[in-house]
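Report on the following structure.
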Amino acid sequence: MSQSLSLRAGLVSILILLAFIGAWWGATLPTQVDLGDMDPEYAAMMGLDTTQESDIPTPGHIGSAIWTHLSDPFYVKGSNDMGIGIQLAHSLWRVLAGFALAAMVAVPLGFLIGMSPLMHKALDPYIQILKPISPLAWMPLALYIIQDASISSIFVIFICSIWPMMVNTAYGVSSVRDDWLAVAKTLEVGPIKKAFKVILPAAAPTILTGMRISMGIAWLVIVAAEMLVGGTGIGYFIWNEWNNLDLANVIFAILLIGVVGMILDMIFGLLGKVVSYKEV
Amino acid sequence: MTTPSFIQVDGLEKTFPGPAGQEPVTVFQNLDFEIEKGEFVCLIGHSGCGKSTILNILAGLDAASDGYVFMENKELTGPGLDRGVVFQGHALMPWLTVRENVAFAVKSRFKRHSKDEVNAQVEKYVDMVGLTPAIDKKPHQLSGGMRQRVGIARAFAIEPKMLLMDEPFGALDALTRGVIQDELLAICQATSQTVFMITHDVDEAILLADKILLMTTGPFAEVAEVAYNPLHKPRSRQEMHHDGHYYPFRNHLMDFLVNGPGTPYSDKATDGTPPALDKAPRTGPRRVVSA
Ligand SMILES: Nc1ncnc2c1ncn2[C@@H]1O[C@H](COP(=O)(O)OP(=O)(O)O)[C@@H](O)[C@H]1O
Ligand SMILES: [Mg+2]
């Protein structure tokens, strides 16, 4: 039953894709230009054609762009011309570095906030003020202080990943069921063992959800950050191709960002499954 | 001078701060009772009279507002591995298997045990509650009765001096409850385990308890009577209603719950035979605390 459902859903997905590509193809067909009563031979001589290519790249253009990029993703021909794999690796590295630093701060701090009502009340105003700030707003300050575009991007990723992880960790820790803590108490379990053997596994699904949200935001932000600071990365690639007016490459990069974002999300979804448990 | 009891509860009182702007609520007060070593004590009372609070104080999870609890002459001030707790809602950790749940307790109690020793202890107690076939399952794969059995195995596995159980079978269907009651009875008789158990099931108390503490309704609840179980040991669910003491005793308990405290059971002229206990309490004459 469920298998036939996925089968049918897959079929519908493919149909939607085909319909979309078909409509796109139709919309980007060369157009007939009305030349009025002009003599066709004169028009040809003047370089005017009766058919005109569309400004928007056709599916064929995108297909060939995908092929070109994926057939040689890792070349480096100077600082302005690198394979898409290299650009992607730069972006991924910044995201992972910023995300890992954020996790190292957010999870322990979230633990503290979740365990201590005092710290919760004391830190709450800061979190509420810092959380809604667009991470890109930090960029000028980061560039000025850090004086390095790449590290500034990492900092921006750090600052945008930290909040969902911290808030979720605090929530997960504070909502660990009392009877599990009571079990730990009656067994005279020490604070360290309690943190790692009871609270962490109990809160892990919530923490992982926070990480998943953070990773999603980080991947959104890295593109914008790299557009802003330039140099390398998938965001810079898009901006560069826009300046070259190569829309096929822009569209290719958009698709790639989507696919990579989906894969990152799937990884965190799987990790979440690993630590999840069925409450009874 | 008499030998002091294993557990001595003296003038215990619990007052909760009232909701904002309201008077604090004294749930119970002036609680005095004893538990002897090897005794199975049941606490019966209406819901809300503070039974769980008393058990939590004995477990060291809650603090009394007034009064003392002594265990072997030492005041109890916090939780400890000398007491095993079976929680009302089993309180198993759902991310651990049965084996790991019990091992968590065993490792906490026997810190120097090797892996093999821990495992042997775990398997012994899981086997005791008949769950060896399910030992590597997670709690959500078990029935309610099996989960409660794991809770019991976990509490027994630390070999506590006293077992504390808060309505352990309250959430189970009658059939499962009966089976587990029988198991618990057999285990407690085999191990001479000291038990303090809360129940609202009169038959459960008659089957299991040597001594039944009867609580009045709160607020200001008290233990109005300590009734010694007159039924002969060993008792069994199938046979106990043939015991001549069964109906008078059961009626007495029901009367207490329905009509409130009356003449203590020991003062009621039954057939003249003293309450039969195979283990006489060491505190001399059986005491009855009257309200
Ligand atoms: N933390 C608390 N704050 C205020 N009142 C409480 C608290 N815990 C329990 N109570 C009150 O104390 C009374 C006794 O509770 P409890 O010990 O759970 O009763 P029982 O187990 O006999 O049903 C109840 O009326 C309950 O509302
Ligand atoms: Mg209760």
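Does residue A:156 satisfy the criteria of being part of a helix (DSSP H, G or I), closer than 13 Å to residue A:102 by Cα and either away from every other protein chain (no Cβ under 14 Å) or in contact (Cβ under 8 Å) with a residue 24 or more places away in the chain (or both)?
yes
A quick yes/no check of all residues on (1) of a type in the set (A, V, I, L, M); (2) more than 11 Å from every other protein chain (Cβ to nearest Cβ); (3) within 19 Å of the chain's Cα centre (by Cα):
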{"residue": "B:99", "(1), (2), (3)": "no, yes, no"}
{"residue": "B:105", "(1), (2), (3)": "yes, no, no"}
{"residue": "B:124", "(1), (2), (3)": "no, yes, no"}
{"residue": "B:153", "(1), (2), (3)": "yes, yes, yes"}
{"residue": "B:156", "(1), (2), (3)": "no, yes, yes"}
{"residue": "B:163", "(1), (2), (3)": "yes, yes, yes"}
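Among the residues of segment A:175-182, is there at least one that is away from every other protein chain (no Cβ under 14 Å) and touching a Leu at 6+ places or on another chain (Cβ under 7 Å)?
no
Of everything in segment A:89-133 that's of a type in the set (Val, Ile, Thr) and part of a helix (DSSP H, G or I), which residue is nearest to residue A:204 (Cα to Cα)?
So the residue we want is A:107.
Which residue pairs have Cβ atoms closer than 7 Å, lie 6 or more positions apart in sequence or on different chains, and pair a first residue in segment A:94-123 that is over 28 Å from residue A:223 (Cα atoms) with a second residue that is surrounded by 15 or more Cβ atoms within 10 Å (Cβ to Cβ) and polar (S, T, N, Q)?
What qualifies is A:111/A:169; A:114/A:169; A:114/A:174.
Within segment A:203-212, restricting attention to residues that are among the aliphatic types (A, V, I, L, M) and open to solvent by less than 20 Å² (accessible area, probe 1.4 Å), which residue is nearest to the other protein chains (Cβ to nearest Cβ)?
A:204
Need at least 2 residues that are more than 16 Å from ligand 1 (Cβ to nearest atom) and crowded, with 20+ Cβ neighbours inside 10 Å per element, so show me which strands (runs of 3 or more DSSP E) inside segment B:131-231 make the cut, counting only ones lying wholly within it.
Where strands (runs of 3 or more DSSP E) fall fully within segment B:131-231 and carry at least 2 residues being more than 16 Å from ligand 1 (Cβ to nearest atom) and crowded, with 20+ Cβ neighbours inside 10 Å, they are B:162-166, B:194-199, B:223-228.
Pull out all pairs, ordered by first then second residue, where Cβ-Cβ is under 6 Å, the residues are six or more apart or on different chains, the first lies in segment B:184-206 and is within 14 Å of another protein chain (Cβ to nearest Cβ), and the second is within 15 Å of ligand 1 (Cβ to nearest atom).
B:196/B:164
Checking residue B:111 against (1) within 14 Å of ligand 2 (Cβ to nearest atom); (2) over 26 Å from residue B:212 (Cα atoms), which test does it fail?
(1)
For residue A:192, state whether it is in a helix (DSSP H, G or I) and at pLDDT 95 or above.
no
Let me spell it out: the conditions are (1) under 24 Å from residue B:260 (Cβ atoms); (2) away from ligand 2 (no atom under 16 Å from the Cβ), and residue B:205 meets all of them except one. Which number is the exception?
Residue B:205 satisfies all of (1) under 24 Å from residue B:260 (Cβ atoms); (2) away from ligand 2 (no atom under 16 Å from the Cβ) except (2).
Every residue, every condition in (1) part of a loop (DSSP other than H, G, I, E, B); (2) over 13 Å from the mean Cα position of the chain (by Cα); (3) in the same structural domain as residue A:108 (by TED's automatic domain parsing); (4) not hydrophobic (A, V, I, L, M, F, W, C), yes or no:
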{"residue": "A:198", "(1), (2), (3), (4)": "no, yes, yes, no"}
{"residue": "A:207", "(1), (2), (3), (4)": "no, yes, yes, no"}
{"residue": "A:212", "(1), (2), (3), (4)": "no, no, yes, yes"}
{"residue": "A:224", "(1), (2), (3), (4)": "no, no, yes, no"}
{"residue": "A:245", "(1), (2), (3), (4)": "yes, yes, yes, no"}
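Matching residues to (1) out of contact with any Gly (no Cβ under 7 Å at 6 or more places or on another chain); (2) within 12 Å of ligand 1 (Cβ to nearest atom):
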position	(1), (2)
B:29	yes, no
B:35	yes, no
B:62	yes, yes
B:70	yes, no
B:79	no, no
B:86	no, no
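Please list, ordered by first then second residue, the pairs with beta carbon atoms under 6 Å, 6 or more apart or interchain, first in segment A:259-280 and within 14 Å of chain B (Cβ to nearest Cβ), second modelled with pLDDT of 95 or more and open to solvent by 60 Å² or more (accessible area, probe 1.4 Å).
A:278/B:140; A:280/B:140
Take residue A:134 and decide whether it is surrounded by fewer than 16 Cβ atoms within 10 Å (Cβ to Cβ) and over 20 Å from residue A:257 (Cα atoms).
So residue A:134 passes the test.
So which of B:70, B:33, B:28 is within 16 Å of ligand 2 (Cβ to nearest atom), part of a strand (DSSP E or B) and either away from chain A (no Cβ under 14 Å) or buried (at least 18 other Cβ atoms within 10 Å of the Cβ) (or both)?
Of B:70, B:33, B:28, the one residue that is within 16 Å of ligand 2 (Cβ to nearest atom), part of a strand (DSSP E or B) and either away from chain A (no Cβ under 14 Å) or buried (at least 18 other Cβ atoms within 10 Å of the Cβ) (or both) is B:28.
Per-residue answers, yes or no, for (1) open to solvent by less than 20 Å² (accessible area, probe 1.4 Å); (2) in contact with an Asp or Glu (Cβ under 8 Å, 6 or more places away or on another chain); (3) within 9 Å of another protein chain (Cβ to nearest Cβ); (4) free of Cβ contacts under 8 Å to residues at least 40 places away in the same chain:
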{"site": "A:191", "(1), (2), (3), (4)": "no, no, no, yes"}
{"site": "A:194", "(1), (2), (3), (4)": "no, no, no, yes"}
{"site": "A:197", "(1), (2), (3), (4)": "no, no, yes, yes"}
{"site": "A:201", "(1), (2), (3), (4)": "no, no, yes, no"}
{"site": "A:214", "(1), (2), (3), (4)": "yes, no, no, no"}
{"site": "A:217", "(1), (2), (3), (4)": "no, no, no, no"}
{"site": "A:222", "(1), (2), (3), (4)": "yes, no, no, no"}
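Check residue A:151 against each of (1) in contact (Cβ under 8 Å) with a residue 12 or more places away in the chain; (2) away from chain B (no Cβ under 14 Å) and name the one condition it does not meet.
Against the list (1) in contact (Cβ under 8 Å) with a residue 12 or more places away in the chain; (2) away from chain B (no Cβ under 14 Å), residue A:151 comes up short only on (1).
Test residue B:92 against the stated conditions and say whether it is at pLDDT 95 or above and touching a strand residue (DSSP E or B) at 6+ places or on another chain (Cβ under 6 Å).
no
From B:170, B:178, grab the single residue that is under 14 Å from residue B:45 (Cβ atoms) and not hydrophobic (A, V, I, L, M, F, W, C).
After ruling out the rest, the residue left standing is B:170.
Given the condition open to solvent by less than 40 Å² (accessible area, probe 1.4 Å), touching a Gly at 6+ places or on another chain (Cβ under 6 Å) and within 14 Å of another protein chain (Cβ to nearest Cβ), answer yes or no: does some residue in segment A:232-247 qualify?
no
I'd like the full set of residues that are within 14 Å of chain A (Cβ to nearest Cβ), open to solvent by 80 Å² or more (accessible area, probe 1.4 Å) and basic (Lys, Arg), limited to segment B:73-97.
none
Return only the number of the condition from (1) in contact with a strand residue (DSSP E or B) (Cβ under 9 Å, 6 or more places away or on another chain); (2) in a helix (DSSP H, G or I) that residue B:117 does not satisfy.
For residue B:117, the failing item is (1).
Among the residues in segment B:4-22, are any within 16 Å of the chain's Cα centre (by Cα) and open to solvent by 20 Å² or more (accessible area, probe 1.4 Å)?
yes
The values are calculated or read from the model by the stated rules, or taken from the named source; none is laboratory data. In this text, all values refer to a predicted model and were calculated from it rather than measured experimentally. Note: ideal-geometry Cβ built from the backbone for every residue, glycine included; neighbour counts use all protein chains shown. Just the protein is used for accessible areas: all its heavy atoms, side chains included, with ligands, DNA and RNA removed. Shrake-Rupley method; radii C 1.70, N 1.55, O 1.52, S 1.80 Å.
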